[in-house]
Amino acid sequence: MNMKKILALLMAISMTAIMTACSQSDSSSVSASGEDASSTAETTASETSTADLASVMQEIDDQLADYSGTPAFPAADFEKLDAKSIIQGKKIFLLCANSTNQYMVNMTECYEALVNYLGGEAFIYYADGTNDSWTTGLRTAISQKYDAVDIVGGATIDTLSSVIDEVKAAGIYIQDTHNADVNVTYNDDYSVGADFTRAMKLCALEAIRQVGDPAEVNALVIADIGLSSCDDYCREGITSVFDQYDVKYTIKDVAITDWTTAIAQQVRTAFISDPTINVIVAYYDNMLLYITPVLDELGISQDQVVVGSFNGSPGILDLMTEGTVDFDLGESVGWIASSGLDCMLRGLAGMEVYNTIGTAAYMINQDNLANCLDPETGKGSYAYDGVQDVYLTGYGELWGVDLTGVFDSIA
């Protein structure tokens, strides 16, 4: 049992003791059999309450069971293809949506490594997170006559409708990867989405599990706003779970352009207003970089607050090693890149494209953290995320290649 569960249990015991002392000071009624009727009623209510809580927590454990430990490879039944023959000699333009976001950069670099490994020619265009840079990049792909384009990582695709039409009119295959929820489609050839609703449902469930009782949770949710194709689905996921289990929570909205200053201010204000907050969940784990320093500033012990998020970024796994962060829903950038390339290969070959399956999610907490760290350094790494054997073996079998070591050069 972790320290935060122990603290929650001690608080519950303390409250029970207080309630018992109060009940003993009251007058008691006696049943016809001579038993203390009020005591019997309290005992029965207590047993029922305990049974109900155990049932709820078992239900939560069951929902998380498929996302704990080693994830399954969901593409095993896809039609096999000859990846090398499809991509041989083709020029692939990879538009990295934001060069300042290391998560997006490493996702795109994994994609580049896969393309080059299979015999294609990949080029990364590093955009700056603005519509103008994305548009310039796509028009560069047209002028330089690339065979295929993938917009990777976090662009607002619905603002690019007209230039996407230009790319398609030039006879270039175009898709986007990990910019939107699996339910969202655009006017490009395919949108390879992520299941953001599921992600935040799992984060909400894990937060409750870490506390040990939905009734004891007082959560602060730091929500990103601006990228509606992702953010709205994140909100749906976390609120649906918290509402289902009657969890107390507050949502604070912060635009991605304001993360560096506004996140800290929102956290600071929230704790000053309500010092009983004992859970913080952020939509995306890089937001935690602006949250954890505020807890230190306010003198809030790591054991007082459950902190978690979604993405599995290496730097956040290092914070987990330190004990600053309690959980992070893993989402391998190598797996995302592999899924994106699989869709591109199938699209180029005229095969069925599986663009709505998303990628595996796996809950990283103190129970399995060691499995997700680089075994040589003991630290988080984009080159090692603990699930390579699952997806590289899986896609290798689908594509007819051995992908061992394909990401060795990526930091």
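The values are calculated or read from the model by the stated rules, or taken from the named source; none is laboratory data. Note that this is a predicted model, so its numbers are computed, not measured. Ideal geometry is used to build each Cβ from the backbone, glycine not excepted, and the neighbour counts take in all protein chains shown.
Of note:
- Restricting attention to the range 295-321, the residues that are part of a helix (DSSP H, G or I) and touching a residue at least 24 places away in the same chain (Cβ under 8 Å) add up to 10.
- The sole residue among GLY120, GLY137, GLY129 that is of a type outside the set (Val, Ile, Thr) and at positive phi is GLY129.
- Residue under evaluation VAL305, criteria (1) of a type in the set (A, V, I, L, M); (2) farther than 29 Å from GLY129 by Cα; (3) surrounded by fewer than 18 Cβ atoms within 10 Å (Cβ to Cβ); (4) under 20 Å from the mean Cα position of the chain (by Cα), criterion not met: (3)
- Qualifying residue in the range 285-294 (condition: within 14 Å of ALA207 (Cα to Cα) and either touching a residue at least 12 places away in the same chain (Cβ under 8 Å) or not in a helix (DSSP H, G or I) (or both)): no
- Looking across the range 253-284, the residues that are touching a Leu at 6+ places or on another chain (Cβ under 6 Å) and part of a helix (DSSP H, G or I) come down to ALA270, PHE271.
- Just one of the listed residues (GLY312, GLY237) is of a type outside the set (Asp, Glu), buried (at least 21 other Cβ atoms within 10 Å of the Cβ) and either over 20 Å from the mean Cα position of the chain (by Cα) or at pLDDT below 95 (or both), and it is GLY312.
- Number of positions in the range 181-235 that are part of a loop (DSSP other than H, G, I, E, B) and either among the hydrophobic types (A, V, I, L, M, F, W, C) or over 30 Å from GLY350 (Cα atoms) (or both): 7
- Condition check for ASN368: assigned by TED's automatic domain parsing to the domain that holds TYR111 and over 30 Å from ALA148 (Cβ atoms): yes
- Failed condition for GLN265, given (1) over 17 Å from the mean Cα position of the chain (by Cα); (2) surrounded by 15 or more Cβ atoms within 10 Å (Cβ to Cβ): (2)
- Filtered residues of the range 191-234 (kept if basic (Lys, Arg) and touching a Ser or Thr at 6+ places or on another chain (Cβ under 9 Å)): LYS201
- Only residues that are farther than 29 Å from ILE291 by Cβ and either not charged (D, E, K, R) or not in a loop (DSSP other than H, G, I, E, B) (or both) were counted in the range 324-363, giving 19.
- Any chance ALA127 is of a type in the set (A, V, I, L, M), closer than 26 Å to ASN187 by Cβ and not assigned by TED's automatic domain parsing to the domain that holds THR356: no
- Close pairs from the range 384-411: first in a helix (DSSP H, G or I) and surrounded by fewer than 22 Cβ atoms within 10 Å (Cβ to Cβ), partner modelled with pLDDT under 90 and aliphatic (A, V, I, L, M), Cβ under 8 Å, at least 6 apart: VAL390/ALA72; VAL390/ALA360
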